[in-house]
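What follows is a set of notes on a single structure, which appears directly below.
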2 protein chains.
Amino acid sequence: MDEPSGLRERKKQRTHQAISDAAIALFLDRGFDAVSVRDVAEAAEVSKRTVFKYFPTKEDLVLHRVADHEDESARVVRYREPGQSPLDALLAHFVAGLWNGDAITGISDNPQVRQVYELITGTPALAERLLRYAARGEAALTTALAEVDFDPIRPALTAAAIIAVQRTLSETNQRLITSGTRAAARLPDAITEAERAFALLRDGFGSTYG
Amino acid sequence: MDEPSGLRERKKQRTHQAISDAAIALFLDRGFDAVSVRDVAEAAEVSKRTVFKYFPTKEDLVLHRVADHEDESARVVRYREPGQSPLDALLAHFVAGLWNGDAITGISDNPQVRQVYELITGTPALAERLLRYAARGEAALTTALAEVDFDPIRPALTAAAIIAVQRTLSETNQRLITSGTRAAARLPDAITEAERAFALLRDGFGSTYG
DNA sequence: AGGAGAAGTATACCGGGTGCACATTTGTTA
DNA sequence: TAACAAATGTGCACCCGGTATACTTCTCCT
């Protein structure tokens, strides 16, 4: 579905890419707040107006890729193997993400990915926006869970807890990677922690705190 | 600790209050985005520069009160009755909040409180900022839990799940109140749901989703 | 070849937020 | 009581993110 390309489409995609690349490069070099949209426009050889035609806000220059994954958890639940439970499907998907170094698991060694992640978590405006996207993902997961559980509130409670736990796992991984741990060295513990976290969701936090 | 008042302090507090009151009144009347800081300054008979001396951002004109409660969950855990578990203490505190119509439980009938709540949830910029404050509250709760559980990650996971569940309960209450349900009529169900939610935290989501 | 419509530009504007220099007020000390 | 230092408030100019408008340039289609 991404190949109806006439010249116009190709140019658009190239401009989109050029603006995004210029922006990321500048942000990584000088920091998000120290770069103005005017700087990005000049670096991409485009007018400021055009930048805002491709990206609705300055934050989206960084977050537009991440935003695509916002309903990933919902899809994992909806299209899980028959007979597999939602929690098992989500755990399996998260562990697979760890093996692949997916950005959302916070464990990628890839310098580009790692730097962007640090840029986001180190910039309040970006971190805030990311939470908004996460909220949309949570709503989508709530909907997916509500398809198999007609309780009026349990799907929402469960989705909130799941998203929160996934975020915490990701933050923990990212903190360690940022402070120097290699992804390969982190992987075994990360998997163990993910399994423990989902076990807590399944069996409750009561054994320690209840 | 709030009474070292010379004239200077008293004037400051009065100005602070005047700006805040003028801002809330204007926001409730016309909407957050339709009121400029200049409008607030004029209504409070102060210069725009002074508004920003008292409130770092426009959003803080609304959120400064809410922000005070950011570490409430942490305090509840830290100063709970001897022998009481963290989850029980938090549930008891939440239920007490429901009875009192505390704003954070989302169940207040008080028009002022309700309108401000709706203003926040209905304004993306405000809702986003609120999430930032919630993140700080979550960090505080993590610290409090880590004082009784030396596991490297369980406190963070638990805190995240608890905050997420509380937020969901609050949102559910607020949605119903906004759509016309009276607080008194909502109270019994709200209490039941809170108890069920904390039971899920204690015993796990596995019985339905695991 | 030529026209409809998309993409891009220049310019001016608005509102949030800051830096700076100056005026006013308050607390203190002589 | 006079006078000075510090705190507080003001006015102004400025930067930046974001939008509206009117205009030019390009691509596509017939």
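The values are calculated or read from the model by the stated rules, or taken from the named source; none is laboratory data. This one's a predicted model, so the numbers in the text were calculated from it and none came from an experiment. All Cβ positions, glycine included, derive from the backbone under ideal geometry; neighbour counts span all protein chains shown.
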In this structure, is A:Asp29 over 25 Å from A:Thr142 (Cβ atoms) and either within 16 Å of DNA strand D (Cβ to nearest atom) or among the basic types (Lys, Arg) (or both)? yes
Return the pair list, or none, for Cβ contacts closer than 6 Å from residues in the range A:190-210 that are more than 7 Å from chain B (Cβ to nearest Cβ) to residues that are not in a helix (DSSP H, G or I), at least 6 apart or on different chains. A:Ala190/A:Ile107
I'd like the full set of residues that are in a helix (DSSP H, G or I) and modelled with pLDDT under 95, limited to the range A:48-83. A:His64, A:Arg65, A:Val66, A:Ala67
Would it be correct to say that B:Thr142 is touching a helix residue (DSSP H, G or I) at 6+ places or on another chain (Cβ under 8 Å), assigned to a helix (DSSP H, G or I) and facing chain A (nearest Cβ under 8 Å)? no
Mind telling me which of the residues B:Val62, B:Val46, B:Val76, B:Val51 ends up being closer than 30 Å to A:Gly204 by Cβ and among the aliphatic types (A, V, I, L, M)? B:Val76
Positions within the range A:185-200 being over 18 Å from A:Ala96 (Cβ atoms) and touching a Gly at 6+ places or on another chain (Cβ under 9 Å), in sequence order: A:Leu200
If we scan the range B:118-126, do we find a residue that is within 15 Å of DNA strand C (Cβ to nearest atom), more than 14 Å from chain A (Cβ to nearest Cβ) and within 16 Å of the chain's Cα centre (by Cα)? yes
Give me the residue from the range A:128-147 that is at pLDDT 95 or above and hydrophobic (A, V, I, L, M, F, W, C) and, out of that set, nearest to A:Pro188 (Cα to Cα). A:Leu141
Give me the pairs, please: first residue somewhere in the range A:56-73 and of a type in the set (Val, Ile, Thr), second residue anywhere and modelled with pLDDT of 95 or more and within 16 Å of DNA strand C (Cβ to nearest atom), beta-carbon distance under 8 Å, and either six or more positions apart or on two chains. A:Val62/A:Ala23; A:Val62/A:Phe32; A:Val62/A:Leu126
Residue under question is A:Gly106, and the condition is that it be within 30 Å of A:Val148 (Cβ to Cβ) and more than 14 Å from chain B (Cβ to nearest Cβ); does it hold? no
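Yes/no matrix, rows are residues, columns are (1) closer than 18 Å to A:Leu201 by Cα; (2) touching a Phe, Trp or Tyr at 6+ places or on another chain (Cβ under 7 Å); (3) buried (at least 23 other Cβ atoms within 10 Å of the Cβ):
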{"residue": "B:Phe150", "(1), (2), (3)": "no, no, no"}
{"residue": "B:Ile153", "(1), (2), (3)": "yes, no, no"}
{"residue": "B:Ala156", "(1), (2), (3)": "yes, no, yes"}
{"residue": "B:Glu171", "(1), (2), (3)": "no, no, no"}
{"residue": "B:Leu176", "(1), (2), (3)": "no, no, no"}
Only one of B:Glu72, B:Glu59, B:Glu45 is closer than 30 Å to B:Asp189 by Cβ and either within 16 Å of DNA strand C (Cβ to nearest atom) or among the acidic types (Asp, Glu) (or both), namely B:Glu72
Of B:Asp33, B:Asp39, which residue is over 30 Å from B:Ala146 (Cα atoms) and outside any loop (DSSP other than H, G, I, E, B)? B:Asp39
Tally up the residues in the range A:35-88 that are more than 14 Å from DNA strand D (Cβ to nearest atom), among the small types (Gly, Ala, Ser) and surrounded by fewer than 19 Cβ atoms within 10 Å (Cβ to Cβ), please. 3
Across the range B:8-42, which residue is farthest from the other protein chains (Cβ to nearest Cβ) among those that are more than 11 Å from DNA strand C (Cβ to nearest atom) and more than 19 Å from B:Arg65 (Cα to Cα)? B:Glu42
Of all residues being β-branched (Val, Ile, Thr) and farther than 18 Å from A:Phe94 by Cα in the range A:175-189, which is farthest from the other protein chains (Cβ to nearest Cβ)? Just the residue, please. A:Thr178
